[in-house]
Every structure is written in C-alpha cells, then in structure tokens.
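A short reminder: the numbers here are calculations on the coordinates, not readings from a lab. As the structure is a computational prediction, the values presented were derived from the model and not from experiment. Here the Cβ is made from the backbone with ideal geometry for all residues, glycine too, and neighbour counts use every protein chain on show.
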C-alpha cells in the first residue's frame, strides 16, 4: 500500500502526536508499505529515526504572515521558499512554537475554512506537489485541525481519506469564543469528506463520537504502540526512599503541581524526580514549584536518557487534570518495568486495565494519590509485582507492530467500504 501521511510538526518540542506518527510510518515501511510522511507547520522532532520528508508545507512563518498581512497572500510562490526552508523554520522556532490556543483562534478558523481561508495558497502548493508524486492508495490526516484538507486532497488525488483523532479537543477547548464555536462548526462541516476516523484509544473513540457528532461506526480504535528496542525491565537500585517519577510536558494540565502537593502529603520517605519538555512560557510556574517542593530536575532527555530515567524511578505518576487520550509516556515507563499511579480518567483506565501495571486514584485528589504512593512505599512486594505486570502487559497489548497492522486494517476498511 502506498500511503500519504501528514504530520504536524511542533518545532523543538517533543510531541506525542509527532512521535506516534513517525513511529507508525517507520513501522509501516518495515512491514513493506510505501509511506510519504509530510510535515506541516515545522520540521518534526522525534527521539528515534526521523522518516519524514524534508519538505514542509503550511510553513509556520508563511501561514502567520498570510493571516496577518494581506500582501503575503498574493506573493509569488518562490518568495515563500525564503521562510519555508527548514533552516528558517528552525531558527524562527528556536525557543518553542507558539501553541497557546488563546492566541491562535483566528488562524485556526482560517485554516479550517480551507480553500475559503487566507491559507488557500498553501493548499494549492501542496496539491500541485502531490500530483507529481506516484499515485497513492490512501491519505492519512494527523488530526481534525487539518480536516479542511480532506476535500481538496481527495478531489485532486482520487483516493480515500482517513483522519486520526489524537487529542485535539484539549486545544479546541482552550480557544476563546467565538473561535471555539466557529472551529467546531467548521470541523463538523468537513466530516463528510473523511472516509474513516482512527482513534488512539477506545476511550477517545467514544469521546470524539459525542464531541464532534461522528457516527461511532465510522471510527476505528487503534491503540498506540511503542518500539521496545532499548527498553528493558531492569532491577531497580536499592533505596530506602520511594523514587517517584514524573515524565511528561511540564505544564499545569499534566498535573506536575498535583503530584508535588501529593508527595508533600506522603508519610513514607520519598524522592520526586521530574523530566520532560519545559515550555519557555511555563518556566516561571515551574521555577516556583521547584523552589517550593525541591524535586530533582533531569531536563528534557533524548531517547537513551529517557529510558535511563524511567529505569531509575520506582513508580511513575502523571496526574493529568484532563482526560488523556493517549498515555504514550505511561507505556514507555511500563516497558522498563516501572508501574504507574494514575488518575481514573481517559485512556489511563484502559491502559492500566489491560496491563495490570499500576494503580488508579481518584482524579485530582492529592490525598488519594499520596495514599496510593505510600502503599507502594510500604509494600515493595506489591511494587515489584506491578512492575512485572507492567513490563509483560505493555508488550502484550501495545506493540508498535500491532499498531501498524491494525492501522492497515483500518485503511483497508476505508478502501473497501468508504
């Protein structure tokens, strides 16, 4: 099968969706399929082999200029190359890409208007480039924020379109009115042009069916999978303190402050270790937490550093304050024999239910989280048992090869039934 897959770059940030899209494309290639993975907005950053194209479409600089200054909507295409080149995009996003949904309402609405929006030139350039490529069998969009591309790409290339559902509601819910309502209405207007939707968890399939009004039988559930190379359930170093790890984007919605406050309530000896991407705009908030709670900060490690971090802690906890649709970091921790203590919400219930690799707590409850962590600090036999179940369960249910095979089945359903 020849697959056109779009992926949305997030500049210098490690993004769960980018990691998922790249790993899936790489595994599909390994299984004998041809995949053209095309970055949108910026080049992608991954912690393994990056298989995406060097050509970036809907360059972040171009779409911003076209949104703000009418002149840039009519310039010749060759001028766009000056600011759509990889070096220019990387330089412009050296700190981080501006992804605050409150500041991106107008741009998101315009993008979702598709060929009626200010970025219509970007659609034309993408279509013209793709028409010169060998014929594809299917088109895969990375999320509904790019669903306006479904109709023009389907019309130009004459093949079915699938669209992944992988967490865009968090962005949409952060938009201020009237942009939120406009974006939701525009997304719903484009649903008819998509042949199949692929949700990254059973939880998210049900949620997005209700949220966007997609008939449930049009959504395939394809759980995430990870590459287990390098991950190993090694013996934990001896310690009289429970080493609690947080590995995720350091932001309020991921619940680092919740974990800090819960750890402060624990009765047993404990160390808190934190790693992950720190957005520059969150630094003041993060520094305040660091000063008040004194956790050990490990920065934003590469793949090898991430594995070492996850092997070094006794238990992982990322007490998100929203219903997480993916939980990739949870799978990575469990692949290294590290169990998790997570709020009973979103995909966490599904993942821990399948793997038996951790404990669930009441959402947003610092008291219950502290109690569960104290239980593991006192009962090291239970801790070891959960770690063993985590390592075995994640390999049984969340392999990268299984995700790729299940994705192909979803693509074939789109080709056969539409």
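Some notes on this structure:
- Taking a ≥ b ≥ c as the square roots of the eigenvalues of the alpha carbon gyration tensor, the range 215-298 is oblate, as a/c is not under 1.5 and a/b does not beat b/c.
- Once the Cα atoms are used to define both axes, helix 380-397 deviates from the longest principal axis of the chain by about 20 degrees.
- Whether the range 198-253 is rounded, prolate or oblate, judged on the alpha carbon gyration tensor where a/c under 1.5 counts as rounded: prolate
- Relative to its Kirkwood radius, the Cα radius of gyration of the chain gives an Rg/Rh of 0.97.
- Estimated FRET transfer efficiency (residue 155, residue 2; beta-carbon r; R0 22 Å; 0.05): 0.75
- With Cα atoms defining each centre, the range 23-51 and the range 233-266 are spaced 31 Å apart in the structure.
- Cα-based helix-to-principal-axis angle, 120-131 vs the chain, degrees rounded to 10: 90 degrees
- Relative packing of peptides 392-401, 336-345 - highest average C-beta neighbours within 10 Å first: 336-345, 392-401
- Anisotropy class of the range 321-418 from Cα gyration tensor, a/c 1.5 cut: oblate
- Between 0 and 90°, nearest 10: helix 366-378 axis offset from the chain longest Cα axis: 60 degrees
- Proxy reagent accessibility, fewest Cβ within 10 Å first, across 135, 326: 135, 326
- Highest mobility in the GNM of the chain, judged by mean-square fluctuation with C-alpha springs under 10 Å and restricted to 268, 133, 27, is found for 133.
- Listing 334, 266, 208 from fewest to most neighbouring C-beta atoms within 10 Å gives 266, 208, 334.
- Working from Cα pairs under 8 Å separated by at least six residues, relative contact order for the range 170-281 is 20 percent.
- Rel. contact order, % - alpha carbon contacts under 8 angstrom, at least six apart, the range 242-397: 26 percent
- Relative exposure of 129, 285, judged by other C-beta atoms within 10 Å (fewest first): 129, 285
- Of the residues 117, 225, 245, the one that moves most in a GNM of the chain with alpha-carbon contacts below 10 Å is 117.
- For the range 188-334, the share of alpha carbon pairs falling in successive 5 Å distance bins from zero is 2, 8, 16, 17, 16, 13, 11, 8, 5, 3, 1, 0 percent.
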